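Asks: I have a structure I would like to understand better, so I am pasting it below and will then ask my questions one at a time.
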Amino acid sequence: MIRQANKLDSYNIAKLIIAGWQTAYKGLIDDNFLNNMSVDIMTKNWGIAIENQDETNNIYVYEENNKILGIIRFGKPADSSSNYNAEIHVLYPSLKRNGIGSKLFTFAKNYFINKNTTDMIIWCLQTNLPSIKFYKKMGGKIVSTRKAIVHNIELAEVGLEYNLKE
């Protein structure tokens, strides 16, 4: 079931994202950083983000048997100069190839379509080839690159565009 996140979900979201980063970004981001990610700090930050949800900042979780197995955060683009109407900011299923990522992605895409949004972008590490493959499978086309600073680490990202009018 996909439902809107609430503050009580913060701890489980933090654990899921840290595990996701430690798996997906191993060898792509500094191991020292990955191994020292703080569940407490991330729990606090997600709690604040959840409390501040609105039309521009939506946070939903995928839950089965009272266990959070995925998270998606979407809304207005983080970059105010973006040419896009919408952006998926965070998408983490607990496991790969189990359909949860596809369900969450489709949920956000349909949310935007129902709001008459015409286009969407998602940014992904340029070296994260499995995720890029997934986003392409979901209909995305690489249209841009940029440098991003994530926790004081400079990383190259690719932007995948989705035309929501099709």
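The values are calculated or read from the model by the stated rules, or taken from the named source; none is laboratory data. This is a predicted model, so every value here is computed, not measured. Positions of Cβ are backbone-derived with ideal geometry, glycine not excepted, and every protein chain shown enters the neighbour counts. Quick note on the areas: whole protein, heavy atoms, side chains included, nothing else; ligands and nucleic acids left out. Shrake-Rupley method; radii C 1.70, N 1.55, O 1.52, S 1.80 Å.
Asks: For LYS147, go through the aspartates and glutamates and keep the ones whose alpha-carbon is under 13 Å away, minus same-chain ones fewer than eight residues off.
Replies: ASP79, GLU157
Asks: Right, here's the next one. Straight-line reach from LYS44: which aspartates and glutamates have a Cα under 18 Å away, not including same-chain ones fewer than 8 places off?
Replies: ASP9
Asks: Still on this structure, please answer the following. Find the relative contact order for the range 57-166 and round it to a whole percent, using C-alpha pairs within less than 8 Å whose residues are 6+ positions apart.
Replies: Answer for the range 57-166 is 21 percent.
Asks: Show LYS141, LYS133 ordered by accessible area, largest first, where the area counts protein heavy atoms only and the probe is 1.4 Å.
Replies: Largest accessible area first, the list is LYS133, LYS141.
Asks: Same structure, new question: Please report, in Å, the Rg and the Dmax of the chain, where both are computed over Cα atoms only.
Replies: 15.2, 43
Asks: Karplus couplings for the range 98-112 from phi (6.51 cos²θ - 1.76 cosθ + 1.60, θ = phi - 60°), rounded to Hz, Gly and Pro as x?
Replies: Coupling constants for the range 98-112: 10, x, 5, x, 5, 5, 5, 4, 4, 4, 5, 4, 5, 4, 5 Hz.
Asks: Which percent, nearest 5, of DSSP beta bridges in the chain are antiparallel?
Replies: 90
Asks: Explain nothing, just compute: Karplus ³J(HN,Hα) = 6.51 cos²θ - 1.76 cosθ + 1.60, θ = phi - 60°, for every residue of the range 47-56 in order, whole Hz, x for Gly and Pro.
Replies: Result, ordered by residue: x, 5, 4, 5, 5, 9, 5, 7, 4, 9 Hz.
Asks: Return the lysines within reach of LYS136: Cα separation strictly under 16 angstrom, same-chain partners fewer than 8 residues apart disregarded; answer none if there are no such residues.
Replies: LYS96, LYS103, LYS109
Asks: Still on this model: If R0 is 45 Å, what FRET efficiency do you get for ASN163 and MET37 from their C-beta distance, rounded to 0.05?
Replies: 0.80
Asks: If you don't mind, there's one more thing I want to ask. Length gain on complete extension for the stretch THR127 to ALA78, per 0.36 nm per residue less the alpha carbon to alpha carbon distance?
Replies: Once the chain is fully extended between THR127 and ALA78, it gains 15.5 nm.
Asks: While we're on this one: When the accessible area of the range 13-156 is split by element with a 1.4 Å probe, what percent falls to carbon and sulfur?
Replies: 48
Asks: Then there is this: Figure the gain on full extension for ALA19 and VAL143 (residue separation times 0.36 nm, minus the Cα-Cα span) and round it to one decimal in nm.
Replies: Here the answer is 41.8 nm.
Asks: With θ set to phi - 60° and the Karplus curve 6.51 cos²θ - 1.76 cosθ + 1.60, what are the ³J(HN,Hα) couplings of the range 123-132 in order, to the nearest whole Hz, using x for Gly and Pro?
Replies: Result, rounded to whole Hz: 9, 9, 4, 4, 8, 8, 4, x, 5, 4.
Asks: Expected output is a single nm value to one decimal: the length gained when fully extending between LEU8 and ALA156, i.e. 0.36 nm times separation in residues minus the C-alpha distance. What is it?
Replies: 49.9 nm
Asks: Grab the DSSP H runs of the chain that are 4 residues or longer, score each as -39,500 (n - 2.57), total them, divide by all residues and round the 222 nm result to the nearest 500 deg cm²/dmol.
Replies: Value at 222 nm, helices only: -10500 deg cm²/dmol.
Asks: All other residues with a Cβ under 13 Å from the Cβ of ALA156 taken together, and with Lys, Arg as +1 and Asp, Glu as -1, what is their net charge?
Replies: Summing Lys/Arg as +1 and Asp/Glu as -1 gives 0.
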